[in-house]
1. For a quick protection proxy, order the peptides 89-99, 387-397, 317-327 by their average other-Cβ count within 10 Å, most packed first.
2. Per residue, what accessible area does segment 30-115 have, given a 1.4 Å probe and all protein chains present, in Å²?
3. In whole percent, how big is the carbon plus sulfur part of the accessible area of segment 292-390, probe 1.4 Å, protein atoms only?
4. Quantify, in whole percent, the carbon and sulfur part of the accessible surface of segment 1-114 (1.4 Å probe; protein heavy atoms only).
5. Taking a virtual spin label 7 Å from the Cα of ARG161 along the C-beta vector, which residues in segment 51-79 bring their backbone nitrogen under 19 Å of it?
6. Place the peptides 294-300, 160-166 in order of packing, highest mean first, counting for every residue the other Cβ atoms within 10 Å and averaging per peptide.
7. Leaving out ligands, DNA and RNA, and with a 1.4 Å probe, what % of the accessible surface on segment 224-264 is carbon or sulfur?
8. Can you spot the lysines whose alpha carbon is less than 23 Å from LYS238's alpha carbon? Ignore those fewer than 8 places along the same chain.
Amino acid sequence: MSLSKKILLGMGLGVLVGLLFNFALPNAFDIVNNYIFIPVGKIFLNLIKMLVVPIVLVSLILGTAGVSDPKKLGRIGLKTVSFFLITTALAIVLALGTALIVKPGIGDYQLDGADYEATEAPPVIETLLNIIPTNPINAMVQENMLQIIAFAIFIGFAMARLGTKVDGLLKLVEQANNVLMYLVNMVMKFAPYGAFALIATAIGGQGFSAIAAMSKYLFVVLFVLLIHFVFVYGSALKFLGKMSLITFIKGFSPAMIVAFSTSSSNATLPVSMDAAQKNLGVSKTVSGFVQPLGATINMDGTAIMQGVATVFIAQVVAQDLTLSQLITVLLTATLASIGTAGVPGVGLIMLSMVLTSVGLPVEAIALVLGVDRLIDMFRTTVNITGDAVCAVIVDRSEGNNDLDDLERS
Ligand code: ASP
C-alpha cells in the first residue's frame, strides 16, 4: 500500500474511533486520549516540528543562492508575493460575498461572550517592521519564521553573489538539505499512526452540540473553502500552471492529509516541500523559496474563515456592514493572514484584529469558538495548498518543466 493510502486509512480510522468515543464511550475517552492518542500524536508532531526550523533555513538559503541573477530573484519574489496577495484578496471577497448572501448569522443566536477571553492580536505593522532579526540565533530559538526567512534570504543572496568563492559552503548547505529531506521521509513512515492519533483526539474531544448550533456558519466556511480550492486554485493551475487539479491533488495529497491532521502549516512544511518537489516536479529552488514563505505569510483558508466569521458576527449582533467596512475587512484580513503564524488556532486570535477594525465586539469570537478546531483542519489544508499551487505556477513561468520529465519516466 502506498504511503498516502496508509495515511488516509489512519485518518479515516481516527475519525471512526473519535466518533465512537464521542457517542458511545465518552467516559473512557479521557483515559485513552491521555495515554494513547495524545502521546502518539505528540511524538509525530514533535518529529516533524523538529525539522521545520532547519528546513526553512536551509531550503531558503539554497532557494535564494540557486538564483544567481538578482533580477531573476526579484522576478520570482514579485510573482510569488503578487500571487499570494491576489488569491488571499479573492478568498476574502468570496467569503464576504457568500456570507452576505447566505446570511448564516440571521436566526435565533444568543450573544454569549462569557467563556471567551479575548487575547490581543500582535499589531501587524510591528510584525512587518520586525522582519529583520537583530539576532538570527534568537529568531531560530523563538521560531520566528518571518525573521528566519529574512536571514536565510540575505545569506542566500550573498552566496549567489560570491559564486565559486563559497563553493564549500554551498556544498555543505546542499548536503544538510539532503540529510533533512531523508529525515522527512523517515518521519513520514510514522505519519499514518500520527494522523490516526491526532484526528482521534480532535474528533473525540469535539463537542457535537456546538456543531449543530453553529452548523450554518460551519457550512458557509466549508463551502467557501471548497469553492476557493476548486475554482480559484483549479483555474490558476490549469491556465497558469498547465496542470489539472486532479494531477495536483494526486501528487500533493500526502501533504494535504498531514495539514488536515496537524492543523499547522509550519509543521506540514517539510512534507509539503517534499511532495511538491517529488510529485509535482517543482524545482528545488522555487519550492525552497515559495513554500516556506507561503507557509508563513499566505493563508487563504484562514482569511476565508475570518471573512465569513466577521459577517456572521455582524449579523448576530444585528450590525450592518457598510461597503467601506467591508473594504476594511478585506484589507485587515489580508494583513492578518500575513501576520498569522502557521500553527493551530492562531487564525482565531487574529480574527480579533479584524473585528476591532470594524467596531465589532471581540467577545463575539465565543460564537465561532465551538467549531474552530474543526475548521482549522480544513483551512490549514487550503492554506498550504495555496502555497504549493503558487510554487507550481512560478516554477512553470520560469520555464521549468520537470513534471513532463516525471510523467515521461
Ligand atoms: N492553523 C492555521 C495554519 O497553520 C493557522 C490558523 O488559521 O489558525 O495554517
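1. Packing proxy ranking, top to bottom: 387-397, 89-99, 317-327.
2. On the way: 4390 Å² over 86 residues.
Here the residues of segment 30-115 average 51 Å² of exposed surface.
3. Carbon plus sulfur share of accessible area: 70 percent.
4. Numbers: 4330 of 6130 Å².
Of all accessible area on segment 1-114, carbon and sulfur atoms account for 71 percent.
5. 60-78
6. Numbers: 294-300: 28.3, 160-166: 12.9.
Peptide ranking by packing, descending: 294-300, 160-166.
7. Values: 1270 of 1590 Å².
After summing per-atom areas, the C and S share lands at 80 percent.
8. Answer for LYS238, where 23 Å is the Cα cut-off: LYS79, LYS250, LYS278, LYS284, listed by chain and number.
The values are calculated or read from the model by the stated rules, or taken from the named source; none is laboratory data. Just so you know, these numbers come straight off a predicted model, no measurement behind them. Cβ: placed from backbone, ideal geometry, glycine included. Neighbour counts: every protein chain shown. For the accessible areas, the whole protein counts, side chains as well, though only heavy atoms, and no ligand, DNA or RNA atoms are used. Shrake-Rupley method; radii C 1.70, N 1.55, O 1.52, S 1.80 Å.
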